[in-house]
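Step one of this worksheet: look at the structure below.
The values are calculated or read from the model by the stated rules, or taken from the named source; none is laboratory data. No experiment lies behind these values; they were computed from the predicted model shown. Note that we place each Cβ from the backbone using ideal geometry, even for glycine, and neighbour counts take in every protein chain shown.
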């Protein structure tokens, strides 16, 4: 890729950040600036095509309604009232099951 000379204006704070990054990475300041410009340009490019096509998508069951939120809250509440504890790395699932059922 051919490079062209250009001039940029920056404030002292940004220039200090560029100098620090270049020193930390062991590269010229120009390299930090080129990479920064390249990354921001890629991040803000527009795409002519959608990220996935219609053939690559699938139906997740339609839109979520407020009634769905109510059902989810009821299920969560019921799980909390039965004192079900999820298994964690600190406790085995067997120990959790025994604690809930009361068996040794």
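In the set 79, 74, 21, only one residue is at pLDDT 70 or above and surrounded by 10 or more Cβ atoms within 10 Å (Cβ to Cβ); that residue is 21. If you filter region 24-50 down to residues that are in a loop (DSSP other than H, G, I, E, B) and over 20 Å from residue 4 (Cβ atoms), you find that the one that is modelled with the highest pLDDT is 26.
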